[in-house]
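The values are calculated or read from the model by the stated rules, or taken from the named source; none is laboratory data. Remember, it's a predicted structure, so these values are computed and weren't measured experimentally. We place every Cβ from the backbone using ideal geometry, glycine too, and count neighbours over all the protein chains shown. Calculation scope for accessible area: heavy atoms of the full protein, side chains included, ligands and nucleic acids excluded. Shrake-Rupley method; radii C 1.70, N 1.55, O 1.52, S 1.80 Å.
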Amino acid sequence: MFDFQPISGLLASKTILVTGAGDGIGKEAALQFAKYGATVILLGKTVSKLEAVYDKIVKNGGPEPAIIPLDLQGATAQHYRDMANTIDTQFPSLDGVLHNASLLGHLEPLQQISEEDWNKVMQVNVNSQFFMTQALIPVLKKSNNASIVFTTSSVGLKGRAYWGSYSISKFATQGMMEVIADENENTSIRANCINPGGTRTNMRAQAFPGEDPETLKTPADIMPLYLYLMSDESKHETGKTFHAQPK
């Protein structure tokens, strides 16, 4: 699937929600999903960025996307229930969710993590994904083949010093994916994780300020895996973690 060759119309008639769709991997995924025929729901906190992605999709001839401006930091379970109801009434189906939005927090020793920083990272990386997915599962079950893709990290597979709250949040993400996959084993819903690896994004630059970004793959370089997991070609894949840059 790392050299997956998507065909034209691969995602035609699918509706896919992408969080963190205004920038980086989320933006590229939204553009690629639309390129292959999906109606994309762009979720993020910065409306101007979402509008820029919206305009680019329309300019490229993709299906008209939708925009949901939402700050995951302040959203409650009720916000996600309302969002699920809106999606259910306005779209023929919801066939995919890409949980891409994440917060890095500060890289520091465990004993120095403040309550505020811990809560911010957990709110965006764990709580929002939990309550959003919980609200969306009844909608996803109406699809013939629904794919939930979470974003993990190498520090969510093996803990690393000073990556504290981010690392722990990604372990939680892994567990959430596996629980959802197991509970829905005999349904039309499947769940998997992608570890993007070192990619040329703002978050990567924040974590590794001295790194030369030219040495990293771009979000576009790793998109074949994202397209594969959102397509019917991967309908047998669930409960797995895929590495976009296997070593």
Subset of segment 216-247, residues within 16 Å of the chain's Cα centre (by Cα) and over 18 Å from ALA181 (Cβ atoms), comes to PRO219, ALA220, ILE222, MET223, PRO224, LEU227, ALA244
task: Inspect all residues belonging to segment 104-120 and state whether any of them is at pLDDT below 95, surrounded by 19 or more Cβ atoms within 10 Å (Cβ to Cβ) and not hydroxyl-bearing (Ser, Thr, Tyr).
output: yes
Practice task
For VAL126, indicate whether it is closer than 25 Å to MET223 by Cα, modelled with pLDDT of 95 or more, in a helix (DSSP H, G or I) and out of contact with any His (no Cβ under 9 Å at 6 or more places or on another chain).
Solution key: yes
Within segment 212-247, restricting to residues that are open to solvent by 60 Å² or more (accessible area, probe 1.4 Å) and in a loop (DSSP other than H, G, I, E, B), the one that is modelled with the lowest pLDDT is ASP212
Matching residues in segment 138-167 (in contact with a strand residue (DSSP E or B) (Cβ under 9 Å, 6 or more places away or on another chain) and open to solvent by less than 50 Å² (accessible area, probe 1.4 Å)) number 13
For segment 26-71 the number of residues that are touching a residue at least 24 places away in the same chain (Cβ under 8 Å), part of a loop (DSSP other than H, G, I, E, B) and not hydrophobic (A, V, I, L, M, F, W, C) is 10
Residue pairs qualifying under the 9 Å Cβ cut-off, at least six apart or on distinct chains, with the first in segment 73-85 being within 16 Å of THR19 (Cα to Cα) and assigned to a loop (DSSP other than H, G, I, E, B) and the second being of a type in the set (Val, Ile, Thr) and at pLDDT 95 or above, are GLN73/VAL124
